[in-house]
Amino acid sequence: MYNICFMILDRISILNYKNLEQVDLSFSPKLNCLFGHNGMGKTNLLDAIYFLSFCKSAGNPVDSQNIRHEADFFVIQGFYKEDNGEREEIYCGMKRRSKKQFKRNKKEYQRLSDHIGFIPLVMVSPADAELVLGGSEERRKFMDVVISQSDKEYLDALIRYNKALSQRNVLLKSELPVDEELFLVWEEMMAQAGEVVFAKREAFIREFIPIFQDFYAFISQEREEVSLSYESHARDTSLYQVIRESRQRDLIMGYSLKGIHKDELTMQLGGYPLRREGSQGQNKTYLVALKLAQFDFLKRKGRTTPLLLLDDIFDKLDAQRVEQIVKLVAGERFGQIFMTDTNREHLDRILQKVGSDYCIFEVEDGVVSDTADVVADLAAEGEV
């Protein structure tokens, strides 16, 4: 059963985030469309919404580089409300050469990881192409982002594993002799945390695959068959044994060659590697289906329906696939949606099908205008 609780972003206030100098907007609980030329700030607005869910930018992990040029700080505030009337205020602020502050209802978090999953969110963007074309780290990150939003135990285990991995790598690089006991301490921690991560990744993929395949079949109208499989050093034997047996080789290389930090997702189209066989449209369809399946998974597992951010989603897709995606996102299974496009016609077609509440915003040089306000201003001036 799907959870019926909805949390929506009612209003956002932004100061000096990327090219957005000052933005204060109220949103529709259903569909919010942003249009404008490339480079105007549409994606930056979505990124600010993403920041409020994940405590970081989707595109630039260096927080200080997200401060607008010539400014000394940025602030993002999100005002959320649930369908039961509960309200939440999320605040993020950062000054140059200072640590960022993250607060919920004016109370600062002690650990940012405590916030992850509170406002579940799925973003589909052109950067997702790295899931197919990039290294295995991108595909592990995809699993981590999905599972961490609904499973705190997973996130804690992943943090412990990465800490132990980092410490073991320090020992591997040491030019001085290292006590065997030190290696054993970190290898045992890697193995214990890694087994938890592996088990949860495997369970996730098993449940995730049929959802993903259903979305792909709908968008492609069953023209192609796709598959997704999970590979890990932890599958066939004890992870502790794998890590210990790899130590001598690791000492030569100076880093850890085996472990769940090397896990891989294999993506196939018609039984062949997607990155080799897929056209641009097929790759885009695969990515969109992955992200919509991520949304569906989080909705099943979570307390609230995730927000859905769709950045330039229709690029490289033929008209039939665009039409199928429009049918999906216009349906009742999705909650609040934020969508960008340079093509106003795409947005108009979606609005015709949604038949519910929506807002349209125009973005130009970092200035975001509600088109309803623009029309009202022109009418007042006698230009409409």
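Since every read-out is calculated from the coordinates, none of them should be taken as a lab result. Every value quoted in this text rests on a predicted model; they were computed, and no experiment measured them. Backbone-built Cβ (ideal geometry, glycine too); neighbour counts: all protein chains shown.
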Positive-end residue of Gln65, Tyr358, Ile252, charge dipole of the chain with Cβ unit charges: Ile252
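Taking a 28 Å limit on the Cα-Cα distance, which of the listed pairs Lys163/Lys284; Lys18/Lys262; Lys18/Lys103; Lys262/Lys301; Lys103/Lys173; Lys103/Lys327 fall beyond it? Write down the numbers at each step before the final one.
Details: Lys163/Lys284 35 Å; Lys18/Lys262 33 Å; Lys18/Lys103 21 Å; Lys262/Lys301 26 Å; Lys103/Lys173 39 Å; Lys103/Lys327 37 Å.
Flagged as over cut-off: Lys163/Lys284; Lys18/Lys262; Lys103/Lys173; Lys103/Lys327.
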Size of charge dipole - the chain - debye, nearest 20, with Cβ of Lys, Arg +1 and Asp, Glu -1, no other charges: 1000
Sorting Leu133, Val185, Phe338 by the position of each Cα along the dipole of the chain (Lys, Arg +1; Asp, Glu -1; all at Cβ), the one nearest the positive end of that ordering is Val185
How compact is the stretch 100-209 by the rule of thumb for globular proteins, expressed as Cα Rg over 2.2 N^0.38 Å? 1.30
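How big is the Cα convex hull of the chain in projection, averaged over all directions, in nm²?
Details: hull surface 88.8 nm².
Computed as one quarter of the Cα hull surface, the answer is 22.2 nm².
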Relative to the longest principal axis of the C-alpha atoms of the chain, give the angle of the C-alpha long axis of helix 152-173, reported between 0 and 90° and rounded to the nearest 10°. 50
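Got a sec? How would Asp72, Asp151 order by Cβ neighbour count within 10 Å, fewest to most?
Values: Asp72 12, Asp151 18.
Ranked by crowding around the Cβ, least crowded first: Asp72, Asp151.
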With +1 on the Cβ of every Lys and Arg and -1 on the Cβ of every Asp and Glu, the dipole magnitude of the stretch 179-320 about its Cα centre, in debye rounded to the nearest 20, is 340
If one compares the long axis through the Cα atoms of helix 319-329 with the longest principal axis of the Cα atoms of the chain, the angle in degrees, nearest 10, works out at 90
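Where in the chain lies the longest segment free of trypsin sites (Lys or Arg not before Pro) that are both loop residues by DSSP (not H, G, I, E, B) and have at most 13 other Cβ atoms within 10 Å? Display every interim value, and only then the final one.
On the way: sites that count: Arg96, Arg97, Lys99, Lys106, Arg111, Arg223, Arg235, Arg303, Arg333.
So the longest stretch without any such site is 112-222.
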Arrange Met189, Met253, Met7 by Cβ neighbour counts within 10 Å, fewest through most, would you? Met253, Met189, Met7
Gaussian network model of the chain, Cα within-10 Å springs - most flexible of Phe314, Phe204, Phe35: Phe204
Could you tell me the center-to-center distance, by alpha carbons, between the stretch 318-344 and the stretch 10-66 in angstrom? 20
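The stretch 214-313: which GluC sites (Glu not before Pro) are DSSP loop and have at most 10 other beta-carbon atoms within 10 angstrom?
Numbers: sites: Glu222, Glu224, Glu225, Glu231, Glu245, Glu264, Glu277; in loops: Glu222, Glu224, Glu225.
In loop regions of the stretch 214-313 (DSSP not H, G, I, E or B), the sparsely surrounded GluC sites (Glu not before Pro) are Glu222.
Just rank Tyr272, Tyr358, fewest to most, by other beta-carbon atoms within 10 angstrom. The partial results should precede the final answer.
Numbers: Tyr272 10, Tyr358 18.
Fewest to most other Cβ atoms nearby, the residues stand as Tyr272, Tyr358.
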Taking a virtual spin label 7 Å from the Cα of Gln213 along the C-beta vector, which residues in the stretch 226-246 bring their backbone nitrogen under 18 Å of it? 226-231
So what's the angle, to the nearest 10 degrees on a 0 to 90 scale, between helix 280-301 and the longest Cα principal axis of the chain? 80
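With n ≥ 4 as the cut-off for DSSP H runs, can you work out [θ] at 222 nm for the chain, using -39500 (n - 2.57) per run divided by the number of residues, rounded to the nearest 500? Intermediate values should be presented prior to the final figure.
Numbers: 12 runs with 166 residues, N = 384.
So the calculated ellipticity at 222 nm is -14000 deg cm²/dmol.
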